[in-house]
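Undergrad: My questions all concern the structure below.
The values are calculated or read from the model by the stated rules, or taken from the named source; none is laboratory data. Here the structure is a predicted model, which means the values were calculated and not measured. Virtual Cβ from ideal backbone geometry, glycine too; neighbours counted across all protein chains shown.
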Amino acid sequence: MGKAIDQIRDLGAPSMQGVRPAMPTSLTLVGAAAVLYLARDVFLPIAVALLLTFALAPVVAALRRIGLPRAFAVISTALITFTLIGIFSLIVALQVAELAKNLPAYQSNIVMKVKTLKEAGSENGIIDRIGNVVERINREINRPTAETPIGVESPARDPLLVEIYSRDNPIQVLTNIIAPLIGPVAMAGLVVVVVIFMLLEREDLRDRFIRLAGFGDLHRTTEGLQDAGTRVGHYLLMQLIVNSAYGLPVAVGLWFIGIPNAVLWGLLAIVLRFVPYIGPIIAMVLPLFLSVAVDSGWSMLLWTAGLFVAMELVINNVVEPMLYGSKTGLSPLAIIVSAIFWAWIWGPVGLILSTPLTVCLVVLGKHVPQFEFLQVLFGSDPVLAPHARLYQRLLAGDPDEGTDQAEEILEEEYLVDYYAAVAMPALALAEQDRARGVMNDEQRLRVAASGMSLVSNLEDIAIEESQDDDQGEVENLDEKGEPANQPIPDGEGMTILCVGGRGEIDDVSAAMLAQVLRAEGAAATALSFHEIEPANIRKLHTDAIDAIVVCFLNRDSIKHARFVVRRLKRVNANARVGIVIWDTSTYREAGQRKADISAEEMPGADFVASDMTMAAIEALTKRPSIPLATPSKTKARRRLVPQHAQ
């Protein structure tokens, strides 16, 4: 039960007290983008080789573990990989050539479908009206100007340029064929060579990188390299499996439907799904267009569209969550932005490499403080701790989103744990801002009203916990989230009053405590701090009350709390009166927990607590009330003697 609370505490400490992420200057970012763009011929092969190295390194390591020499493991892995890539590319090229040869045969079907659409539209006159508008605009453009005299022909149009081509000799033809292939072939050769050398010298390259980047922190640098290799390698492998599970059924389905070159579309679907979001759309559009050109009717188009829709539903909802889910650690918006950026920098290849490259940047930001802004911008992990997010929502007057966040945590935790680890630290942030004078009255009232709405929204969960027979007694958790000895007792038959101490934010904490007590079976009611002011405290009906708990968020309210205890004791001497001064420093900054308020500092109080669990335990514990101490006559007389007479 305490696992999620431990995670909340771990998130809470650095989020509010940690060092702010260092943002580089705009000049640095522009310079880096310019270097990547201008030197793309150099960086692109290195980037492709680096990603392939991440993907192939586990295979080489597996071969090394079975006793194969390093050189043989690297060469065999690279040979098999690039042979498969070559076969893949050859099949795609042959299929494209065959498709280009057959395209003229589909022209008649396209013309017939256009004619059919035109005839269908002409029944309503839509296409005719559009044609008339276009023709009228064309006449208006070619109409003689006002300066041209009537009867005088308009100036003649510019003559068309004609270029005469001579028959190329065989050498020229060969040059025209080979020249476009030089660049891709050279890049492929560079990638092969770089991958082989990276795999052979992987440990040496790792040591050199550690020496340059993180010699002062070997642990952080080593962890970063392992994280990058694991994330990128896992992503590429799982994405290849997912894409293959998508492309192969698509090829078979298109073959059954009758789409020409079904193998081509299946292979392209495997490659294009590496492109986030728009890749599957491109893979679907081309076969759809071809189905229109091949079939004289419309059935093939419908079958093709149904095939792609069904495959997308299966892959997105079954295969992807089962294999890798969201292991990349990127937010959806980051994936889109990175695809746009890398496509602009490196073209179509950059579009395919956008996700793994951005994963590397996020890992860099996670382990290198200077680049922490990359993880903040592109990472999927929350950048604010749960209590900070809740306070932000309360401050913005949006308790509904805060309720959604609370319900996610309450799926695994009890209400008392959520209030202790998230809600109380959030209210403590609000109280700190109020005490510092940065929160005006309108904001304070908004936070209080939103907090009360949050408590009201969670009332159903409190009722469910009170009716849950399997819940039993909730264990008290210590600072490390480990079970303590004393559980929260059952509150059946007890009537408890929870009151805010000095302000509206204290009222919210009292309402949360009252809800926790109701979840434990007690009849708990929350009142405002106005009810215990000297003018109103005599009006309280406390005859049937077993305990009164007054809640404070400000530790400087100890003196005021002493007066409240005396007033409540005078109103009802039989009711147990407790003071809760919430100490939430444990969840905000580790190692700076303030000392609890002792019973000697709060004379007359039946109990003093500083956290939600202990407050609930003390409020539900059945003990006799401590009578209010009467000051001795000597002390009373001493207080009456003027200071100058002493």
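Undergrad: Any residue in segment 402-420 that is surrounded by fewer than 19 Cβ atoms within 10 Å (Cβ to Cβ) sitting within a Cβ distance under 7 Å of a residue that is part of a helix (DSSP H, G or I) and of a type in the set (D, E, K, R)? List the pairs, counting only those 6 or more apart or interchain.
TA: Between residues of segment 402-420 that are surrounded by fewer than 19 Cβ atoms within 10 Å (Cβ to Cβ) and residues that are part of a helix (DSSP H, G or I) and of a type in the set (D, E, K, R), the close pairs are GLN405/ARG389.
Undergrad: Quick check on this structure: which one of ALA547, ALA561, ALA535, ALA573 is within 22 Å of GLU492 (Cβ to Cβ) and either in contact with a Gly (Cβ under 7 Å, 6 or more places away or on another chain) or of a type in the set (A, V, I, L, M, F, W, C) (or both)?
TA: ALA547
Undergrad: Look at segment 513-534 and say how many of its residues are surrounded by fewer than 22 Cβ atoms within 10 Å (Cβ to Cβ), in a strand (DSSP E or B) and under 39 Å from the mean Cα position of the chain (by Cα).
TA: Number satisfying all stated conditions: 2.
Undergrad: Determine, yes or no, whether VAL60 is of a type in the set (Val, Ile, Thr), within 31 Å of the chain's Cα centre (by Cα) and in a helix (DSSP H, G or I). Outline the logic, then answer.
TA: Numbers: of a type in the set (Val, Ile, Thr): yes; within 31 Å of the chain's Cα centre (by Cα): no; in a helix (DSSP H, G or I): yes.
It is false that VAL60 is of a type in the set (Val, Ile, Thr), within 31 Å of the chain's Cα centre (by Cα) and in a helix (DSSP H, G or I).
Undergrad: Still on this model: Across segment 513-530, what is the total count of residues that are touching a strand residue (DSSP E or B) at 6+ places or on another chain (Cβ under 6 Å) and acidic (Asp, Glu)?
TA: Summing the residues that are touching a strand residue (DSSP E or B) at 6+ places or on another chain (Cβ under 6 Å) and acidic (Asp, Glu) in segment 513-530 gives 0.
Undergrad: Take the residues in segment 549-578 that are more than 23 Å from ALA428 (Cβ to Cβ) and outside any helix (DSSP H, G or I); name whichever of them is nearest to the chain's Cα centre (by Cα).
TA: Here the answer is VAL577.
Undergrad: Can you list residue pairs whose Cβ atoms sit under 6 Å apart, with the first residue in segment 435-446 being touching a residue at least 24 places away in the same chain (Cβ under 8 Å) and the second being surrounded by 11 or more Cβ atoms within 10 Å (Cβ to Cβ) and in a loop (DSSP other than H, G, I, E, B)? Count only pairs 6 or more apart in sequence or on different chains.
TA: Hits for this filter: ARG446/GLY397.
Undergrad: Can you spot a residue in segment 305-313 that is closer than 17 Å to ASN102 by Cβ and of a type in the set (D, E, K, R)?
TA: No, segment 305-313 has no match at all.
Undergrad: Still on this structure: The conditions are (1) in contact with a helix residue (DSSP H, G or I) (Cβ under 7 Å, 6 or more places away or on another chain); (2) within 19 Å of THR621 (Cβ to Cβ); (3) modelled with pLDDT of 85 or more; (4) aliphatic (A, V, I, L, M), and ALA514 fails exactly one of them. Which is it?
TA: (1)
Undergrad: Do you know which residues across segment 364-392 are modelled with pLDDT of 75 or more and surrounded by 22 or more Cβ atoms within 10 Å (Cβ to Cβ)?
TA: The answer is ALA385, PRO386, HIS387, LEU390, TYR391.
Undergrad: Check LEU429 against each of (1) touching a Phe, Trp or Tyr at 6+ places or on another chain (Cβ under 7 Å); (2) under 26 Å from GLU520 (Cβ atoms) and name the one condition it does not meet.
TA: Answer for LEU429: the failing condition is (2).
Undergrad: Could you please let me know if VAL92 is modelled with pLDDT of 75 or more and in contact with a Ser or Thr (Cβ under 8 Å, 6 or more places away or on another chain)?
TA: Here the answer is no, as VAL92 does not meet what is asked.
Undergrad: Do we have any residue at all in segment 263-283 that's farther than 28 Å from LEU44 by Cβ and touching a helix residue (DSSP H, G or I) at 6+ places or on another chain (Cβ under 6 Å)? Steps first, please.
TA: At the first step, the residues of segment 263-283 found to be farther than 28 Å from LEU44 by Cβ are 263.
Of the ones still in play, those that are also touching a helix residue (DSSP H, G or I) at 6+ places or on another chain (Cβ under 6 Å) are 263.
Yes - at least one qualifying residue is present in segment 263-283.
Undergrad: Say whether the condition of being more than 26 Å from ARG434 (Cα to Cα), out of contact with any strand residue (DSSP E or B) (no Cβ under 8 Å at 6 or more places or on another chain) and without any contact (Cβ under 8 Å) to a residue 12 or more places away in the chain is met by at least one residue in segment 571-578.
TA: no
Undergrad: Then there's this: Kindly list the number of the only condition in (1) under 24 Å from the mean Cα position of the chain (by Cα); (2) modelled with pLDDT of 70 or more that fails for ARG20.
TA: (2)
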